[in-house]
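Student: Before we start, here is the structure in question, set down as structure tokens.
The values are calculated or read from the model by the stated rules, or taken from the named source; none is laboratory data. Predicted, not measured: the structure shown is a model, and the values here were computed from it. Glycine also receives a Cβ, built like all others from the backbone with ideal geometry; neighbour counts cover every protein chain displayed.
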Amino acid sequence: MNIDDVILFERIAALGSVSAGGGACGLSATVSSDRLKRLESDLGCTLLNRTTRSMSLTDEGARFLGQARDLINQYEAARHSVGRRSETPVGLLRVAAPVLFAKKFLPKAINNFLTGYPEMQIDLNLSDEILNYAAEGIDVAIRIGNLKDSSVIARKLAESGRVLCASPSYLRRHGTPTQPSDLDEQRCIIFVGEDVWRLRNSLEEIRIRVSGRFKTNNAEMATQAALDGLGIALRSLWDVADDLRAGRLERVLPDYETISDMAVYAIYPPGRFISPAAKAFVELVHGNLRSLRF
């Protein structure tokens with residue numbers, strides 16, 4: 001049984017098609033199909049039910065998939081424990097990250113990584129959705145939020161402080177709040193799932209349920225709405241720091257601290273070998289974030 005055929009099968013199962021799985025391994029659909037048949041012949045069973053329109057795992061395929069992932073993990077660990085692979089990252093690194101954060105903070109890390117490790121490639125998946133990292137074959141993911149899943153392997157890279165902010169034009173039209181209760185009379189920009197804002201000062205902690213005419217599940221759109229004068233937004237400081245410095249946005253209720261469990265994490269899929277490449281990339285991202293004042 002060829003380990004490369006096992007890796008191909010795992011990619012096909014994760015991505016849902018022979019062509020997609022083969023493409024992830026740098027193979028054509030024809031070569032991928034032939035190698036899959038070779039693996040099935042070696043195992044003496046059918047792993048996939050295939051038609052022209054659909055593909056699904058057989059019972060044997062579903063059972064073998066878990067073992068295949070364990071085998072791949074052991075293979076990668078063994079491969080990186082000896083020779084030059086134990087010292088110098090080589091190969092492909094699959095990274096997932098939120099769209100806006102990636103645009104702001106990953107280009108430098110990616111450039112330094114590819115410059116420092118000329119035998120490496122990066123496959124970057126930008127998505128604001130929480131992916132099934134193991135199924136997608138992701139080696140490391142950057143996530144911003146309150147990490148509740150204890151099954152993942154995570155490293156906190158930075159706190160993610162948050163601020164209330166609005167454009168000067170909005171504040172001229174609607175007035176500047178001087179206390180949290182003033183938010184009841186304001187138009188607030190709502191990020192989905194965050195319509196209760198938590199604030200505190202030296203005397204009290206307050207929870208305010210806010211409302212407004214614009215709600216979105218996209219961080220970039222929420223920030224742009226604030227810049228366009230549509231209301232007051234609760235945004236990550238890393239997102240709006242440049243706009244605050246330039247005067248495009250102004251802090252609202254600066255005497256109150258926003259309460260948040262948000263942080264920037266590097267996430268490794270559970271049960272996967274953490275490669276030297278993944279560790280090196282995370283170190284570069286961490287170094288870039290460490291130089292910032294969140």
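Student: As an exercise: evaluate Ile267 against (1) assigned to a strand (DSSP E or B); (2) assigned by TED's automatic domain parsing to the domain that holds Val196 and give the number of the one condition it does not meet.
Tutor: It is condition (2) that Ile267 fails.
Matching residues to (1) at pLDDT 90 or above; (2) touching a strand residue (DSSP E or B) at 6+ places or on another chain (Cβ under 9 Å); (3) among the basic types (Lys, Arg):
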residue	(1), (2), (3)
Met1	no, no, no
Cys25	no, no, no
Ile72	no, no, no
Ala77	no, no, no
Arg84	no, no, yes
Ala102	yes, yes, no
Phe105	no, yes, no
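Student: Could you count how many residues in the range 266-294 are at pLDDT 90 or above, in contact with a strand residue (DSSP E or B) (Cβ under 9 Å, 6 or more places away or on another chain) and not aliphatic (A, V, I, L, M)?
Tutor: Residues flagged as at pLDDT 90 or above, in contact with a strand residue (DSSP E or B) (Cβ under 9 Å, 6 or more places away or on another chain) and not aliphatic (A, V, I, L, M) within the range 266-294 amount to 3.
Student: Considering the range 174-211 alone, what residues qualify as being without any contact (Cβ under 8 Å) to a residue 40 or more places away in the chain, acidic (Asp, Glu) and part of a loop (DSSP other than H, G, I, E, B)?
Tutor: Result: Asp195, Glu204.
Student: Okay, moving on. Checking the condition surrounded by fewer than 20 Cβ atoms within 10 Å (Cβ to Cβ), among the hydrophobic types (A, V, I, L, M, F, W, C) and either at pLDDT 95 or above or over 30 Å from Pro89 (Cβ atoms) (or both), which residue from Ala219, Ala263, Ala233, Ala226 passes?
Tutor: Residue meeting the stated conditions: Ala219.
Student: Further, regarding this structure: Identify all residues within the range 1-18 that are surrounded by fewer than 17 Cβ atoms within 10 Å (Cβ to Cβ), in contact with a helix residue (DSSP H, G or I) (Cβ under 7 Å, 6 or more places away or on another chain) and not in a loop (DSSP other than H, G, I, E, B); write none if there are none.
Tutor: Scanning the range 1-18 gives a single hit, Ile3.
Student: Quick one: which of Val95, Val99 is surrounded by fewer than 14 Cβ atoms within 10 Å (Cβ to Cβ), touching a residue at least 60 places away in the same chain (Cβ under 8 Å) and at negative phi?
Tutor: Val99
Student: Answer yes or no as to whether Ile206 is within 30 Å of Ala14 (Cα to Cα) and touching a strand residue (DSSP E or B) at 6+ places or on another chain (Cβ under 9 Å).
Tutor: When the stated conditions are applied, Ile206 does not pass them.
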